[in-house]
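Here's the structure we're looking at; comments come further down.
Rule-based calculations on the coordinates, nothing more; no lab input. Treat the numbers as computed from the prediction; the structure is a model and nothing was measured. Note: ideal-geometry Cβ built from the backbone for every residue, glycine included; neighbour counts use all protein chains shown.
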Amino acid sequence: MCKLHLLHGNVETPSSLTSISLTNYSETGMKVASKVRPSIVGIKVEYTANSMFLRNSTTASAEGSGIIITEDGYILTNNHIVNSTSTNSFYELGKANKLSVYLYNDETEYPATIIGTDEQTDLAVIKIDKTGLTPAELGDSSKVQVGEFSMAIGNPLGLESSVTAGIISAVNRKVTDTDGKTFTLIQTDAAINSGNSGGALVNAEGKVIGVNTLKLSGTGIEGMGFAIPINSTKEIYEQLINHGSVKRPYIGITGIDLDQKTADYNKLVVGIYVKEVETFSSAEKAGIKTGDVIIGADGKTVKTMDELNEIKNAHAIGDQMTLKVNRNGQEMDISLTLAEQPTKQP
């Protein structure tokens, strides 16, 4: 038989407990939802699915969300919604061949066109032929603090204009997706489900602080959603609207990260092994060669391509950049002029 042991001390009775009102919290949620929902759209996409075994193709569909950024129809969303590269053993998806947008409290299906996509940041801009829309008010994601109110608004599982609320769980969270790309994101416990991608993460003022992009799922995982900080999207969507793509500085190498074990085994040094130098690239013109190991950039030690790219991306096209290279055991500094990254051909 189990015995219950009571701990004696200063025990509060129910009558002495402080009553906590949720009225303010509810009012905040209602005001935020009312303000932001007119600026969030549902997106429906049709792809051509090419069979790996059959000669014919079929149609696949998906749903996502978007954020209205101009009153004349420009909408910010995720690249992976409109430019899928999903592949499995049976089929392969490509770009969307039909794109439809649904506005808040409007059952009209608005055809949309893709203005520009950026795989590196997982952002895209689409447009519908309509004016008088309500652009979302953008906040300052650099001021987001852990613990503050957050609300996710989007089109989860096709349920348009759904809202979920929670708090900010973390900022500047490094997350690597299934394709090996690493993003710096805002983490929230507001529920984010399939179809929320491209929708808004907003604060208590109804200002967009992030673009919902992914969630962690699996046994034992709950309440781990992520959003792209809105500050990092502004230059991207402006370039997509103006140019259809993002112009970035470019070195022109393919590199392999060498940790200590791999470097020792191959009698090299820790750094970035240059596997390939692209023809006519900045790297080739500067004299970087296959087999070089890049160990520094602009006076800073680098050990990975991510570290090198972070330094490179702080530059503009046409800037000078200095790489420290180990070649056959000898160190040397090589200066190069950063060119514009070539646009990928479809």
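Data table
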| item | result |
| --- | --- |
| Entries of Lys31/Lys130; Lys174/Lys275; Lys35/Lys174; Lys31/Lys174 with Cα pairs more than 29 Å apart | Lys35/Lys174; Lys31/Lys174 |
| Cβ-derived FRET efficiency at R0 25 Å, Lys300 paired with Lys247, nearest 0.05 | 0.55 |
| Gln120 versus Ser194: modelled label distance in nm, points set 7 Å from Cα along the beta carbon direction | 3.1 nm |
| HN-Hα J in Hz across segment 323-334 - Karplus 6.51, -1.76, 1.60, θ = phi - 60°, x for Gly and Pro | 10, 9, 10, 9, 10, 6, x, 9, 8, 8, 9, 10 |
| Contact order relative to length of segment 141-243, as percent, for alpha carbon pairs under 8 angstrom and 6 or more apart | 25 percent |
| Inter-label distance, nm, simple model (7 Å from Cα along the C-beta direction), Ala204/Glu148 | 0.9 nm |
| Cα→Cβ-extended label distance, 7 Å offset, between Glu276 and Ile311, nm | 2.4 nm |
| Net charge contributed by nearby residues that have their C-beta within less than 11 Å of Asn105 (K/R +1, D/E -1) | -2 |
| Environment charge of Glu63, counting only residues whose C-beta is closer than 15 Å and scoring Lys/Arg +1, Asp/Glu -1 | -1 |
| Theoretical FRET efficiency, 1/(1+(r/R0)^6), r = Cβ-Cβ of Ala170 and Asp259, R0 30 Å, to 0.05 | 0.65 |
| Full-stretch length increase - Arg327, Lys98 - with 0.36 nm per residue and alpha-carbon distance subtracted | 77.3 nm |
| Residues listed by number, segment 151-169, amide nitrogen under 18 Å from Lys130 label point at 7 Å toward C-beta | 154-156, 158-162 |
